[in-house]
Each structure stands twice: as C-alpha cells, then as structure tokens.
Amino acid sequence: MRRIKSPDLLVAESGADLEGHGLKRSIGPFQLVCFGVGAIVGTGIFVGLSDTVAEAGPAVIVSFVLAAVTCIFTAFSFAELGGAIPVSGSSYSYAYAALGERTAFLVGWCLLLEYGVSVSAVAIGWGQYLNELLENTVGRQIPAALADAPGHGGVVNVPAIVVMALAAVLLVRGVRESARATAAMAVIKIGILVLFCAIAFTAFDSGHLSPFTPEGIGGIGAGASLAFFSFIGFDAISTAGEEVKNPRRNIPLAILITIGVVTLIYCLVSVAALGAMPWEQVGGKPAALSLIVDHATGSSIGSTVIAVGAVVAIASVVLAVMYGQTRILMSMSRDGLIPKVFERVSPKTSTPVANTWIASAVFAVPAAVVPLDVVLDMSVIGTLAIMAVVNICVLALRRSHPGLSRRFRVPLYPAAPLLGVVFSLYLMYGLPLVTWIQFAVFVAVGALVYALYGRKRSRLALSGPPEAPEPGRESPRTPARV
C-alpha cells in the first residue's frame, strides 16, 4: 500500500504558512542559525574527537572534511525541501510527500535514532566534562557508580538524566525561551572553541602530523563514519518550520550558514589539537580538549575554561535535539501513525508538554545505562540512512511536483543529491557489522509497529482526503493513491 500526501496538503494541514496547531512563529534567522549550531556542536567535537583520532590519526582532518562533504550535499537537499515544505516533520514529512506513508513511517522511526538516541549519546558525554569541571574547581568528582553506564565502571549515569530533565523543563516553558537559551549557549561554545584553537596553536608542532595516515585509507573512512556524528543535528533546523518567521526563506539560509560555520570550526579544532599533541596521546582519551589545553599551558586553568564551555555546549545540544524530536513526534501523531498524546499543544505555553516529558523519560533510559560507543554508532547509521532518503526525496519530488514553489534549488542537480546518497552509503559501509545487525533489527521492529498500529490508524487512510493540486495548476481532485 502506497499512500502519498502532496506537499501542498502537508503545508495546509500544518498551517505552516499561518499559525500551525497552536505553535507560534517566534524564531528569527539569527536564532535559527544559533539553533542549528546549538544542535550540532557538542559531544561530537568535545568528546568524540578522541575516538575519531584513534581511528584515523592525524588524517582525522580528512575524515572531518569527508563527513562535511556528505553533509553539504545533503544540506542542499534539506534546504530545498525545507523551503518548499516548511513543516515540523522534517525528513518524515518529505518522505510522506515523495515516497509514501510506509517509507515515511520508517524514516520517522529512524529519526528516533538520529534525535532520540543521539540525545542520549550527547547526555552521556555531558557527564565526562562535568566531572572534569568539578575536579578542577572543587577537587571532587561524581562517584563512578553514578557517572557511567554498567560495564564501564558505573551503575547509572545520573548527570545524563539530570541534563535531559533540565532541557525538558526549558522546552515546556516555551519555544521563545528555548531559542534564546540556545542562542546564548551557541555563542558561548563557539567562543570557547576559538579560545581552544588560540591556546593549542601556541604548542603547534608540525612533526605531530607525521606520518599523516598511520591507519591508511581504511582508517580515514572509519574516522569519517565517527566524525559524521559531530555534524548530526543540522537538519533539526527544518523541524522548526512552523515556528520560524518567513520559513521558506530562513530555513534554507540557516541550514547552509550553519554547515559552513561548523565545518570551518571543526577543521580548525582538528588541526590545532593534533598539532599540539601526538595523536597517540589524544586517541581514546576522555575530555581530550581539556587534556590538550593542560599540555599546552602547563596548568589546569585552561582546561577548566574548556570544561565550562563543554558543559554549556553539550547541554545546548540536548536542548536543540530534544526540541527536534518532539516536533517530529507531533507530526507523526497528527497523521495518526502514533498515539494522539504526542500532538497535544498546551494553550498556556504553546508547546507539546506531554510529548516533551514522554520523550525525555524514554530517552533518559539509554542515556543512563547504555555505553557511549553503542549509542553513538546506532545514531550515526540511522542518520546516514535518513540522509540518503532525503536526497532521494529531492529527486522524486522534482519529477512528481515540478511546479512546487522552491525558494532554494539544489545546485548541480541531479549530481548533488546522487552524490549525497553515495557518500551516505559509503559512511554507512565504514560502520561495524554489529551496528548493521542492530540497525536491521531496529528497522524490522519499526515495520512491525507500522503494520500493527500505524497502517490501520492512519488519518490519510481513514479520511481518504484528496491530494492538493500543485501551485498554479488546476487538477482534478482525486483520492490519495493507495
């Protein structure tokens, strides 16, 4: 069964050109860019850098560039689709319009990995730098039993639970307050990373970059798969489609600016970090940026500042990514594919309160008891799969809806979206076999959930609405394709 919902119908149902389902348009372009930076820059660079270095050595710089190229091609696709279909569902809604309901549901299911599971990974990393900060300021750390997952010396990761609860509290208060907090934290963490580069470059030694590829081409590819986690979140910008002022213009603009800023920062941080210390001493070390600053300055003052920045940075990622997850769940709920509780918006705060608390509680569980490496790999493979689908959506919608209003169009079409698919599949190839097996099981469970619940309760199937005609073009009102 192939149910397709036209782009115009998606926009009309969400009220995205007006006020959608109680959501208020209160996010401007600067706040939207800060939201994008806030969703991206966090655990991947502050915590995950050391794991990427362990795979690629000094060639981690190439790994970051390769991951960035993958994101740039897909960012073009998100920019086109985000401007043409400015709704909260992001890639879920794009798949609904281009590939049908079953594929859309599985994309929404995989978004649980990109947003929900990745926010668990981010929350896990927050505790590492919180301990670093406590050690440098008060000489104490959170006991290991309460600061890590079972199997890694702990029982339950309490800091991870705390940061997710704090993000939930802020999100239910209102999107305006959340956007302001995210903007402030984004500015702080960019400043901290610039400070890190300034300090690390004082200890720069080009000899640390030789040999450049100690792990060979395979190490670069494996490193790129891990480095990709550092870019996860830029598509969260498109989940704000119903709360952004002038979304058809500002969403594409914010996506492209965000990717450019983040790529530049990551490349600078990588060069500074590996020029300051031999890669063997960085790879696999927790709180690697603080370690490098301590080495460069010979004191713990610099690392304390880095730790403060990391605590702020990672908290802002939790906030931004959790926001994206709740808006996707809201879109799926509107379509009847998941329970109605997720679409309810509080008339007092104009936020999905129950949705936010449920999502926070559910994803606090893996954050509390699952090791970071397991959570990280699952988040990466789910995100790459979604990015491949988004590029395919651009190709499909160009054919099925050539008259759709597009404020931004993917350059070098169709080469760019095709390359986006190829690069996404290449990075997926670099992930461990066990991750592929876990992902296959996860997708199979999603297909079962759709077959037993979503397929029968789909509002598109129950109401049989007609597809909306393309803009500027009269067409007969025909029932949805089934």
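Assorted remarks:
- Index of the failed condition, L431 passing every other in (1) within 20 Å of L111 (Cα to Cα); (2) assigned to a helix (DSSP H, G or I): (2)
- Verdict on L448 being at pLDDT 50 or above, in contact with a Lys or Arg (Cβ under 9 Å, 6 or more places away or on another chain), part of a helix (DSSP H, G or I) and of a type outside the set (G, A, S): no
- One residue from A123, A56, A104 being under 30 Å from T213 (Cα atoms), surrounded by 24 or more Cβ atoms within 10 Å (Cβ to Cβ) and out of contact with any His (no Cβ under 8 Å at 6 or more places or on another chain): A56
- For G191, the conditions (1) more than 26 Å from I142 (Cβ to Cβ); (2) of a type outside the set (D, E); (3) out of contact with any helix residue (DSSP H, G or I) (no Cβ under 8 Å at 6 or more places or on another chain) are fulfilled apart from (3).
- Of everything in segment 411-428 that is part of a loop (DSSP other than H, G, I, E, B) and not aromatic (F, W, Y), the residue that is modelled with the highest pLDDT is P414.
- Residues that are more than 14 Å from A396 (Cβ to Cβ) and small (G, A, S), drawn from segment 95-128: G108, G116, S118, S120, A121, A123, G125, G127
- Any hit, segment 205-214, residues being under 24 Å from I45 (Cβ atoms) and buried (at least 21 other Cβ atoms within 10 Å of the Cβ): no
- Filter pass, V37 being in a helix (DSSP H, G or I), surrounded by fewer than 23 Cβ atoms within 10 Å (Cβ to Cβ) and either among the hydrophobic types (A, V, I, L, M, F, W, C) or at pLDDT 85 or above (or both): no
- Whenever a residue of segment 127-144 is among the charged types (D, E, K, R), its partners that are in a helix (DSSP H, G or I), lying with C-beta atoms within less than 8 angstrom and at least six residues away or across chains, give the pairs E132/S290; E132/S303; E132/A307; E132/A310; R140/L134.
- Enumeration of residues in segment 280-304 that are without any contact (Cβ under 8 Å) to a residue 12 or more places away in the chain and part of a loop (DSSP other than H, G, I, E, B): G298, S299
- Residue match in segment 117-133 (condition: under 30 Å from I4 (Cβ atoms), of a type outside the set (D, E) and part of a helix (DSSP H, G or I)): yes
- Enumeration of residues in segment 382-407 that are in a loop (DSSP other than H, G, I, E, B) and among the basic types (K, R): R406, R407
- Exactly one residue out of A307, A272 is buried (at least 20 other Cβ atoms within 10 Å of the Cβ), at pLDDT 80 or above and not in a loop (DSSP other than H, G, I, E, B): that is A272.
- Hey, A222 of a type outside the set (S, T, Y), in contact with a Gly (Cβ under 9 Å, 6 or more places away or on another chain) and closer than 30 Å to A12 by Cβ or not: no
- Within the span defined as segment 315-326, one or more residues are within 25 Å of T182 (Cβ to Cβ), in contact with an Asp or Glu (Cβ under 9 Å, 6 or more places away or on another chain) and small (G, A, S).
- Odd one out for Y94 among (1) buried (at least 24 other Cβ atoms within 10 Å of the Cβ); (2) at pLDDT below 85; (3) not small (G, A, S): (2)
- For F439, the conditions (1) modelled with pLDDT under 85; (2) within 22 Å of the chain's Cα centre (by Cα) are fulfilled apart from (1).
The values are calculated or read from the model by the stated rules, or taken from the named source; none is laboratory data. Worth saying up front: this structure is predicted, and the values here are computed from it rather than measured. Cβ: placed from backbone, ideal geometry, glycine included. Neighbour counts: every protein chain shown.
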